[in-house]
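The values are calculated or read from the model by the stated rules, or taken from the named source; none is laboratory data. Computed from a predicted structure; not experimentally measured. Note that each Cβ is placed from the backbone with ideal geometry, even for glycine, and that neighbours are counted across all protein chains shown.
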């Protein structure tokens with residue numbers, strides 16, 4: 001369960017969003033400048049709301065009235081950006097292990113194997129990011145996020161920097177992630193086709209306001 005009721009002023013732009021989602025994949029849909037990234041950054045704890053509350057899996061991580069703001073590193077959230085943001089000096093195996101080590105988690109060989117198989121990245125483990133395609137880099141970024149054992153996965157236009165061929169390559173992995181990983185996701189996109197394929201609930205944003213909320217039918 002994700003509950004959001006927040007307000008934020010960013011220069012001349014104001015964001016006011018309220019919704020509660022129990023979907024496996026909550027899609028944030030809207031044009032560029034609608035407030036999608038600002039909203040996902042508040043859920044991540046990277047941006048503090050001016051007013052309101054955010055509740056993740058029953059835990060209040062932001063409550064401005066009560067003075068609560070749980071820092072990002074304590075929210076147990078995985079974040080995958082449009083650019084994979086892998087460490088170029090580390091190989092894939094070392095990049096994958098980074099999230100686990102940063103969260104001081106014990107090695108979990110079974111989960112490690114499961115994630116590598118889920119994303120089909122076993123053949124990439126010895127490579128550096130510079131030797132990977134865009135789609136491969138995003139699959140590794142997804143793996144790194146999953147191995148940090150998040151309770152919520154945030155994906156900010158993860159296919160936005162890819163060409164159509166690479167998008168078609170990675171979409172099936174995102175569908176498998178939705179169906180098999182058992183981790184709720186918030187997926188930011190302005191691509192209707194992506195969200196129709198992946199999302200179970202949709203939050204439509206326009207100029208900083210939620211204009212619709214519901215199943216994928218709200219995209220029609």
Open item on the list: Whether any residue in region 161-171 is touching a residue at least 12 places away in the same chain (Cβ under 8 Å), under 26 Å from residue 61 (Cβ atoms) and either under 18 Å from the mean Cα position of the chain (by Cα) or assigned to a helix (DSSP H, G or I) (or both) is what I want to check.
Closed with: no
Open item on the list: Being surrounded by 14 or more Cβ atoms within 10 Å (Cβ to Cβ), at pLDDT 95 or above and not in a helix (DSSP H, G or I) is the requirement here; does residue 183 meet it?
Closed with: no
- [ ] Tell me which residues, restricted to region 64-79, are surrounded by fewer than 16 Cβ atoms within 10 Å (Cβ to Cβ) and part of a strand (DSSP E or B).
- [x] 68, 69
- [ ] State whether one or more residues within region 126-144 are in contact with a strand residue (DSSP E or B) (Cβ under 7 Å, 6 or more places away or on another chain), surrounded by 18 or more Cβ atoms within 10 Å (Cβ to Cβ) and at positive phi.
- [x] no
TODO: Mind listing whichever residues of region 43-73 are within 26 Å of residue 179 (Cα to Cα), at pLDDT 95 or above and under 17 Å from the mean Cα position of the chain (by Cα)?
DONE: 43, 44, 54, 55, 56
Open item on the list: Criterion first (within 15 Å of the chain's Cα centre (by Cα) and either surrounded by 14 or more Cβ atoms within 10 Å (Cβ to Cβ) or closer than 20 Å to residue 1 by Cα (or both)) does residue 216 satisfy it?
Closed with: no
TODO: Would you check if there is a residue in region 97-113 being out of contact with any strand residue (DSSP E or B) (no Cβ under 8 Å at 6 or more places or on another chain), under 19 Å from residue 171 (Cβ atoms) and surrounded by fewer than 17 Cβ atoms within 10 Å (Cβ to Cβ)?
DONE: no
Open item on the list: I'd like the full set of residues that are surrounded by 15 or more Cβ atoms within 10 Å (Cβ to Cβ) and either assigned to a loop (DSSP other than H, G, I, E, B) or touching a helix residue (DSSP H, G or I) at 6+ places or on another chain (Cβ under 7 Å) (or both), limited to region 146-160.
Closed with: 146, 147, 148, 149, 150, 153, 154, 156, 157, 158, 159, 160
Task: Conditions (1) loosely packed, with under 15 Cβ neighbours inside 10 Å; (2) assigned to a strand (DSSP E or B); (3) in contact with a helix residue (DSSP H, G or I) (Cβ under 9 Å, 6 or more places away or on another chain): number failed by residue 88 - done: (2)
Open item on the list: Being under 30 Å from residue 12 (Cα atoms), surrounded by 20 or more Cβ atoms within 10 Å (Cβ to Cβ) and in contact with a helix residue (DSSP H, G or I) (Cβ under 9 Å, 6 or more places away or on another chain): is that true of residue 28 here?
Closed with: yes
